[in-house]
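One structure is given here, and the rest of the page talks about it.
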Amino acid sequence: MIRSRHFDLVVVGGGLGGIAAVLAAARLGLRSVLVSESDWLGGQVSSQCIPPDEHPWIESTGCTRTYREFRDRVRAFYRRNYPLNPAAMTTGRLNPGSGNIGPLSHEPQVARLVLEEMIAPWLSRGLITVLRGYRVAGASTGADEVESVLVRDAEGHGVELTGAFFLDATDLGDLIDLAGAEHVFGAESASETGELHALQGPADPFDQQAITWALLLSLEPGTDNTVERPADYDSWRDHRPPAWPGPLLSWEVSDHVTHRPRRRPLFTEQASAGGVRYDLWHARRVLDAAHLGSGWADVTAAAWPMMDYSRLPLLGVDAEARELALSEARQLSLSFLYWMQTEAPRHDGGHGYPELKPRGDLTGTPDGLAKMPYIRESRRIRSEFTLLEQHIGVEARAGLEGAERFADSVGISAYRIDVHPSTAGRDTIDIDTWPFQIPLGSLIPVRLRNLLPAAKNIGATHLTSGAYRVHPGEWTVGEAAGALAGFCVRRRARPSQVRAQEIMLEEFQTMLRGTIGIELEWPSYGALVPRHRFGYVEQLSPVGP
């Protein structure tokens, strides 16, 4: 039997974009339902175990009011609940893990708890309802509108959801596909987009970014935590990806920017001039034992180049092929862990780090793997406006200061174009960008009137999706989508009308700035230097605007 429930907004996907969308709708007084495949809300920051990748100006500008609230709450959580030493307790910009990937590396279960805190009052008021453990299974459409969405839990129990607007905040754009919305996936051709770094030949829908199944690890000297030899270990031990300098299970990688061989060990004794160690362990460390007393151990999130799975794509294939790809991604991560524990050359001599301990107690899983894989690339809507490399890329905008200015801006973001190895065998793509705006036109589908993208699925390309997919970017997209849906419900308008009518657009943007708290433009570009090779290999010191 299928139950039916009605809400103002139906938001499918419990990641950062979905949470931001329902929070925006709640502040506008609308009732929404958040459908989450996982029991942990938060997506990449929680169930996928990826601490925030953020731009250098995040501490002072470049995110929404609620994303900043999330960041402040994370720091407050550690101060309230952890026995921080005086230096950590009093620093204004506490980085719980001291990870060099960003200024707020923290544990995924803390992110989950903070997000639960943020939605709790709205749950009590009845403005947000959460369905956990449900996946979208179908959608009904008519007259260029979505009429209902069917979601099912693991036992097959179904709920039919109806509403005025439907938002897709899933990692793969599943609702976009099921609703029959025009969309694209994979890599476009330069002849189609005019992008400097797009494919020179035909488009390739199966050229999709690698996914990563992250792990949480602690280091406990004197203990042996060696996991069972993975079933596919021999296969992965011998695997040599295209454009890779050697075996995938090694300390040598293809440099993300130069593509030259580069050694990336687990530990290094060499520190930079600023005292930072650019080894794997410190990249995404989420708990720094030095902040705490005796008895504590470091915890790090392992989401490293050797764990990028790019053998098979997830989009454009049947369910069986997708499940095979996900299974192989898990096996790759477990195989890399086993290799590190048993065969990897140690920084202090010998082989193997059996003291590496998978922290399933912190991931909510039996093996220390994240509950969900980190998926970088989604289906992308065909939209009224498509965000291209020539709108944000430094090289593509040679001679111009800053990114393209958009009169219909609904938010701002900043990250380099960061494309990981692809399922077509291509190496990484790393392109400097200017801090950029998110145009409203990229959120409006070309046909369906009440479906909106709310995550990594806006109208962009294979290249530009690599710039807004990280944490603050996804949050901004979701919040703007939730606010747009709420505005349209209150004004009895369509998204395309909001963009087309100057007075209505101005009213919407005023609401974004005020009620919602979204910055729509960056400070003077003369004060912002496009230093965007800061995330993957090296972290530059954060700078103010």
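Numbers at a glance
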{"read-out": "Accessible area of the chain divided out per residue, in Å², using a probe of 1.4 angstrom", "value": "36"}
{"read-out": "Sequence ranges 4-11, 133-140, ranked by mean other-Cβ count within 10 angstrom, highest first", "value": "4-11, 133-140"}
{"read-out": "Whether the range 309-356 is rounded, prolate or oblate, judged on the alpha carbon gyration tensor where a/c under 1.5 counts as rounded", "value": "prolate"}
{"read-out": "Heavy-atom accessible area ranking, 1.4 Å probe, most first, across 259, 420", "value": "259, 420"}
{"read-out": "Point-charge dipole on Cβ atoms (K/R +1, D/E -1) for the chain, about Cα centre, debye to 20", "value": "1280"}
{"read-out": "Helix 65-81 vs. the chain, principal-axis angle (Cα, 0 to 90°, nearest 10)", "value": "40"}
{"read-out": "For residue 351, solvent-accessible area (1.4 Å; no DNA, RNA or ligand), Å²", "value": "130"}
{"read-out": "The chain - share of DSSP beta bridges that are antiparallel (%, nearest 5)", "value": "65"}
{"read-out": "Percentage relative contact order, the chain, counting C-alpha pairs under 8 Å, at least six apart", "value": "22"}
{"read-out": "Most to least packed among 510-517, 382-389, 23-30, 76-83 [average Cβ atoms within 10 Å]", "value": "23-30, 382-389, 510-517, 76-83"}
{"read-out": "Alpha-carbon Debye profile of the chain, log10 I(q)/I(0) at 0.12 Å⁻¹", "value": "-1.16"}
{"read-out": "Charge dipole (debye, nearest 20) of the range 400-462; +1 at Cβ of Lys and Arg, -1 at Cβ of Asp and Glu", "value": "400"}
{"read-out": "Under 5 Å, built H, 5+ apart or other chain: amide partners of residue 139", "value": "150"}
{"read-out": "Cβ-based net charge around residue 204, under 12 Å, with every Lys or Arg adding one and every Asp or Glu removing one", "value": "-2"}
{"read-out": "Under 9 Å, Cβ to Cβ, from residue 48 - net charge with Lys/Arg +1 and Asp/Glu -1", "value": "0"}
{"read-out": "Rg(Cα) / (2.2 N^0.38 Å) computed for the range 255-337, rounded to two decimals", "value": "1.45"}
{"read-out": "Accessible-area composition of the range 375-451, carbon plus sulfur, in percent [1.4 Å probe]", "value": "48"}
{"read-out": "Segments 217-228, 181-192 sorted - mean Cβ within 10 Å per residue, highest first", "value": "181-192, 217-228"}
{"read-out": "Global geometry of the range 280-424, whether rounded, prolate or oblate, following the gyration tensor of its Cα atoms and the 1.5 cut on a/c", "value": "prolate"}
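The values are calculated or read from the model by the stated rules, or taken from the named source; none is laboratory data. Worth saying up front: this structure is predicted, and the values here are computed from it rather than measured. Using ideal geometry, Cβ is built from the backbone for each residue, glycine included, and neighbour counts are taken over all protein chains shown. Heads up: the accessible areas ignore ligands, DNA and RNA and are worked out on the full protein's heavy atoms, side chains in. Shrake-Rupley method; radii C 1.70, N 1.55, O 1.52, S 1.80 Å.
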